[in-house]
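Undergrad: Can you keep this structure in mind? I'll have questions shortly.
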Amino acid sequence: FWIRGAIATAAAVGARMTGVVRFRLAVIGGLLCLTFAAPAAGAPPLKVHNSKLKAAFHCNGEVANASKTPIMLSTGTLSAGGDLHGSLQDAFDAYPHPVCYVDYPDFTTADIQDSVQYLVFGLRKMARMAGRPVAVYGISQGALLPRVALTYWPGLRRKVTDVIGVAGTHRGSTVDVGLVCTSDGLCPPAFLQQAAGSNFLQALNRQPDESPGRTSWTTVRTLDDELAQPQTGAHPTSELKGAANLVIQEVCPGRHTSHVGAVFDSVSFAALVDAVAHKGPARASRLPGDVCSHKYASGLDEGRTDAVLAASLGVFLGRAFLVPKVAQEPRVRGWVKRRP
């Protein structure tokens, strides 16, 4: 309001000045208006109600004024943030960095354009609490969402040192998702948006930088991925230009790792540890010499993790019946179409 008061005072004085001075004031006033209108062309505002964003944000460990890089966990479709955190808890006990996560709406099946706002809120709050930049460890859609966040909210790039995306869906998947849709063709929104050729992904992939900013980007993928395909050829869906792109089977030949299992894999977690410990993305050449001697991240019990993975399909299908569904892909919003 003080800007408006100053302009009003200037206008009153200008009424008693010459026409030349009045013209100059008008030009200055116009420039002021342009200056203060400029933020409208920046990052899109968060439209999800603040109470929902706050309720979905959770942390474990000493995040405030953290002495070690905090890790934001970003979960995948049909999962809650607490699922991923709980399943990886023993790994983070062995790698004692503070951890936060968000519960994306409808078990991460809602419109991606809404879900990403939860991550934007969480990253802002987490970096503010920690007093330092954070890293992101994401799986599937949870690997895609950090890219969306840092593409369209460029202010986050100075708050995030590394993104380690596992089994991401950056170019969509060619796998049929009929099991999660109804007989009359209604599907959860995020499934339609992650299909190869979706309007949302076409708009995102027209952006000039797949690994935006000075943030270091690492992707990890498995050739056995049964849900995110293709993983080979010229354009693997989980790979990003400008990132360090690791393949689990190239590090550990002969290993069989599923889509969901990739986030627990020893290679993926070692890539997280390496990326956080060094400037720049992870390097396969720096991973521990014994990384292939154990199937899962250090600290995880193999039998218990096997049981979690065996039960996951049934859990996901049960949730798929409960979440809202739509007849067609959500409209691509204006902020996704434009270049930030």
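The values are calculated or read from the model by the stated rules, or taken from the named source; none is laboratory data. What you are looking at is a predicted structure, and each value in this text was computed from that prediction instead of being measured. Note that we place each Cβ from the backbone using ideal geometry, even for glycine, and neighbour counts take in every protein chain shown. Protein only, heavy atoms only, side chains kept; ligands, DNA and RNA dropped before computing areas. Shrake-Rupley method; radii C 1.70, N 1.55, O 1.52, S 1.80 Å.
Undergrad: Considering only DSSP states other than H, G, I, E and B, which trypsin sites (Lys or Arg not before Pro) in region 286-326 qualify as loop sites with at most 10 other Cβ atoms within 10 Å? Walk me through the numbers before you get to the answer.
TA: Details: sites: R286, K295, R304, R319, K325; in loops: K295, K325.
Answer by residue number: there is no such site.
Undergrad: Roughly speaking, what is the stretch gain from V315 to C181, that is 0.36 nm per residue apart minus the C-alpha to C-alpha distance, in nm to one decimal? Don't skip to the end; give the middle numbers.
TA: On the way: separation 134, 0.36 × 134 = 48.24 nm, distance 1.54 nm.
In short, 46.7 nm is gained.
Undergrad: Based on alpha-carbon centroids, what's the gap between region 190-206 and region 313-331 in Å, whole number please?
TA: 17 Å
Undergrad: I would also like to ask the following. Given a 1.4 Å probe and the protein chains all in place, what does the accessible area of H278 round to, in Å² to the nearest 10?
TA: 80 Å²
Undergrad: Could you pull the Rg and Dmax for the chain, using just the Cα atoms, both in Å?
TA: Expressed in Å, the Cα Rg and Dmax of the chain come to 22.9, 85.
Undergrad: When the label point is put 7 Å from the Cα of E250 along its Cα-to-beta-carbon vector, which residues of region 211-228 have a backbone N closer than 17 Å?
TA: Under cut-off, by backbone N: 217-225.
Undergrad: What number in nm² do you get for region 55-192 if you take the convex hull of its Cα atoms and divide its surface by four?
TA: That works out to 8.4 nm².
Undergrad: Once Rh is set to the Kirkwood radius over Cα pairs, what Stokes-Einstein translational diffusion coefficient, in µm²/s, holds for region 255-310 at a temperature of 37 °C and a viscosity of 0.692 mPa s?
TA: Values: Rh = 11.8 Å.
The calculation lands on 278 µm²/s.
Undergrad: Charges at C-beta only: +1 for Lys and Arg, -1 for Asp and Glu. How large is the resulting dipole of region 275-319 about its Cα centre, in Debye rounded to 20?
TA: Details: 6 positive and 4 negative charges, 62 e Å.
Dipole magnitude for region 275-319 comes out near 300 debye.
Undergrad: Still on this structure, please answer the following. Positive end of the dipole of the chain, charges at C-beta (+1 Lys, Arg; -1 Asp, Glu), about the Cα centre: which of T75, T222, A307 has its Cα farthest in that direction?
TA: With unit charges placed on the Cβ atoms, the residue in question is T75.
Undergrad: Something else: Normalised by the number of residues in the chain, what is the relative contact order in percent for Cα pairs under 8 Å and 6+ residues apart? Write down the numbers at each step before the final one.
TA: Numbers: 617 pairs, mean separation 58.3, N = 340.
Relative contact order of the chain: 17 percent.
Undergrad: Let me ask something else. Taking the inverse of the average 1/r across all pairs of different Cα atoms in region 286-340, what Kirkwood radius in Å do you get? Don't skip to the answer; put the middle values down first.
TA: Details: mean 1/r = 0.0626 Å⁻¹.
With all distinct Cα pairs of region 286-340 included, I get 16.0 Å.
Undergrad: Could you work out how far apart the two model spin labels at R338 and A55 are, taking each label as a point 7 Å from the Cα in the direction of the beta carbon, and quote it in nm?
TA: 3.2 nm
Undergrad: Scan the chain and hand back the longest stretch that contains none of the GluC sites (Glu not before Pro) lying in DSSP loops with at most 15 other Cβ atoms within 10 Å.
TA: On the way: sites that count: E62, E226.
It runs 63-225.
Undergrad: If you fit an axis through the alpha-carbon atoms of helix 141-152 and take the longest principal axis of the Cα set of the chain, what angle between them do you get, 0 to 90°, nearest 10?
TA: The helix 141-152 is inclined about 20 degrees to the chain.
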